[in-house]
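The next block holds one structure in the form of structure tokens; read it before the comments.
Computed from the coordinates by the stated procedures, all read-outs in this text should not be read as laboratory data. Quantities reported herein were computed from a predicted structural model and do not represent experimental measurements. Cβ: placed from backbone, ideal geometry, glycine included. Neighbour counts: every protein chain shown.
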Amino acid sequence: MVAAPAPPRPRSGSWAISGDAVRSGSLTFAADRRRIVTLRATPRADVVARCGRSALALRRGVVVAVRSVAGRPLRLLGRADRRSSDGISPVAVTLTRDGRPVPGRLALVVDGPSEAHGRLVVGGCELPFRARRR
């Protein structure tokens, strides 16, 4: 039996976030390439009614781990979940909005050394996004 190749490790440093529901944003991977140190996302104008106008920021860093989803190893933040459309369930994180703590959930999958995709969920608001290394 041949072992599956290791999933790609993300490059450290600043990444830009964009998406249909995200006007602007960024995330930063630590030098060890395992932790997301910062994440900031501002909702687009068309989702302000559900998501609010203010930017959301990650309050505390989170670790991206290697997990097996549908039999293949992925570097991700989340849990394997057969019921979800992409096979990944977001994990609980604490975000801040206007300096106040807000509970939320975050899922992120590293697609390559300079590419990732994920979603940020706060209340009834879901912000899917793509991330690229700057």
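Cα centroid distance between the stretch 95-116 and the stretch 49-93, in Å?
8
Can you compute 3J(HN,Hα) from phi for each residue in the stretch 76-90, using the Karplus curve 6.51 cos²θ - 1.76 cosθ + 1.60 with θ = phi - 60°, rounded to whole Hz and x for Gly and Pro?
8, 10, x, 10, 5, 8, 5, 7, 7, 5, 9, x, 10, 9, x
Around SER26, what is the net charge, scoring Lys/Arg as +1 and Asp/Glu as -1 over all other residues with Cβ under 9 Å from its Cβ?
Numbers: positive: ARG40, ARG134; negative: none.
After counting each charged neighbour, the total is +2.
Can you give me the relative contact order of the chain as a percent, contacts being Cα pairs under 8 Å and 6 or more apart?
Details: 336 pairs, mean separation 32.9, N = 134.
Result for the chain is 25 percent.
Per-residue HN-Hα couplings for the stretch 41-58, Karplus 6.51 cos²θ - 1.76 cosθ + 1.60 at θ = phi - 60°, whole Hz, x for Gly and Pro?
9, 10, x, 6, 4, 6, 10, 4, 4, 8, 9, x, 8, 7, 5, 9, 10, 6
Any chance you could run the full-extension gain for GLU126 through ASP46? It's 0.36 nm times the residue separation minus the Cα-Cα distance, nm to one decimal.
Contour length minus Cα-Cα distance gives 27.5 nm.
Tally Lys/Arg at +1 and Asp/Glu at -1 over every other residue whose Cβ is under 11 Å from the Cβ of ALA45; what's the total? Present the calculation step by step, with values, prior to reporting the outcome.
Numbers: positive: ARG23, ARG44, ARG53; negative: ASP46.
Local charge sum for ALA45: +2.
Under a 5 Å amide H to amide H cut-off, with H placed in plane at 1.01 Å, what residues pair with VAL62 once short-range neighbours are removed?
Answer set, sorted by chain and number: ILE36.
Two decimals, Cα atoms only, Kirkwood Rh: what is Rg/Rh over the chain? Walk me through the numbers before you get to the answer.
Details: Rg = 14.6 Å, Rh = 15.0 Å.
We get a ratio of 0.97 for the chain.
Under a point spin-label approximation (7 Å from Cα along Cα-to-Cβ), what is the ARG100-SER24 distance to one decimal in nm?
Modelled inter-label distance: 2.4 nm.
What list of ³J(HN,Hα) values in whole Hz, one per residue of the stretch 112-129 in order, does the Karplus curve 6.51 cos²θ - 1.76 cosθ + 1.60 (θ = phi - 60°) give from phi, with Gly and Pro shown as x?
Rounded to whole hertz, the list is x, x, 10, 9, 7, 9, x, 8, 10, 10, 9, x, x, 10, 10, 10, x, 8.
Please compute the contact order of the stretch 53-97 in relative form: average sequence separation of alpha-carbon pairs under 8 Å and at least six residues apart, divided by the residue count, as a percent.
On the way: 59 pairs, mean separation 19.2, N = 45.
Computed value for the stretch 53-97: 43 percent relative contact order.
Using a Förster radius of 30 Å, what is the FRET efficiency between ALA6 and THR38 based on their Cβ-Cβ separation? Nearest 0.05, please. Don't skip to the answer; put the middle values down first.
Values: r = 26 Å, r/R0 = 0.85.
With R0 = 30 Å, the Cβ-Cβ based efficiency is 0.70.
Of LEU76, LEU56, how do they rank once you tally other Cβ atoms within 10 Å and put the fewest first? Walk me through the numbers on the way to the answer.
Working: LEU76 22, LEU56 25.
Ascending number of Cβ neighbours within 10 Å: LEU76, LEU56.
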